[in-house]
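What follows is calculated from the coordinates using simple rules that are stated; it is not laboratory data. Predicted, not measured: the structure shown is a model, and the values here were computed from it. Please note: Cβ atoms are built from the backbone with ideal geometry, for glycine as well, and neighbour counts cover all protein chains shown.
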């Protein structure tokens, strides 16, 4: 070891000091699993933050901001009982004004709710753009001043026309027709009822009819009378005495006939309609259609009298073969008698 003299500073040779260089260290890589864990943690924190904001009432989004009504009011929204959007209007705050809540209800659109200071009803409706003068019924006087919470119902009024009809009965007219025998009828015009139409002006409030007023009536279809031709021709007969049956007197035998049938005759007096549709009367009789065709015109002469022109218009359960049932007025009936039926024309 060299000796160092007192008072002398040892001299250090230059170039003998070496610089210490930093050795670069390799960067550590995070495992993939740890990265995924960090991302999941971050997402969970974000979700909790969003939920917390919703629970404590965070700031409204752009869509939730109040709507603006083109008056001096600010509007917001809420859900009505019908599920439609209800407009909620609030006047700009005034320091000295007491606020009232006014709800407007309508038939065909959402409610309108607003807060306001004392104001006349018509002025408030004008501010809100509510049409209350045309076809509307307002539940309060438009000149009334609103000084407290108020519900105002605005009903819709519309007018419609309604039509009802009633029948005008037609008449039945009879026309004499010499081409048909007495007792024979034929419909020449069916006829039909007419129609009278009534016009009403109806007032509907909120879609429900409240009143109606007759404003017009007219015959829209004229009735047409039913026309029935009624025969007036009488079967010509020639009075004679005697006949084929000893002791029988025939009178009023027709001059022209197709054939005759000797029968046993009884009678009936039931009032109604015959099998061919003719009403019962002293011009009809019931026959067996296999012997005398229905609709045939005949002259009936019996032992007890001349029964004149008869139409074979009816049938009966007991009228079989050479049997006829002559209609007679009540109280003039008989049991049985022999008779001869002269067939003038077949039905």
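Which FRET efficiency value, to the nearest 0.05, do you get for residue 224 and residue 165 by plugging their Cβ-Cβ distance into 1/(1 + (r/R0)^6) with R0 = 22 Å?
For residue 224 and residue 165, the calculated efficiency is 0.85.
What's the center-to-center distance, using Cα atoms, between the range 148-162 and the range 269-306 in Å?
What the calculation gives is 73 Å, centre to centre.
Counting alpha carbon pairs within less than 8 Å and at least 6 residues apart, what relative contact order, in whole percent, applies to the range 160-230?
Values: 156 pairs, mean separation 33.1, N = 71.
Contact order relative to length: 47 percent.
For residue 258 and residue 157 in one chain, what is 0.36 nm times their gap in residues minus the Cα-Cα distance, to one decimal in nm?
On the way: separation 101, 0.36 × 101 = 36.36 nm, distance 8.02 nm.
Difference between extended and current length: 28.3 nm.
Listing 336, 327 from the residue with the fewest other Cβ atoms within 10 Å to the one with the most, what is the order?
Going from least to most buried by this count: 336, 327.
Rg and Dmax of the range 160-230, Cα atoms, in Å?
Both quantities, over Cα of the range 160-230: 20.6, 68 Å.
Fully extended, how many nm does the chain gain between residue 133 and residue 332 (0.36 nm per residue separation, minus their Cα-Cα distance)?
Taking 0.36 nm per residue and subtracting the Cα distance, the gain is 63.3 nm.
Any chance you could run the full-extension gain for residue 268 through residue 120? It's 0.36 nm times the residue separation minus the Cα-Cα distance, nm to one decimal.
Full extension from residue 268 to residue 120 adds 44.2 nm.
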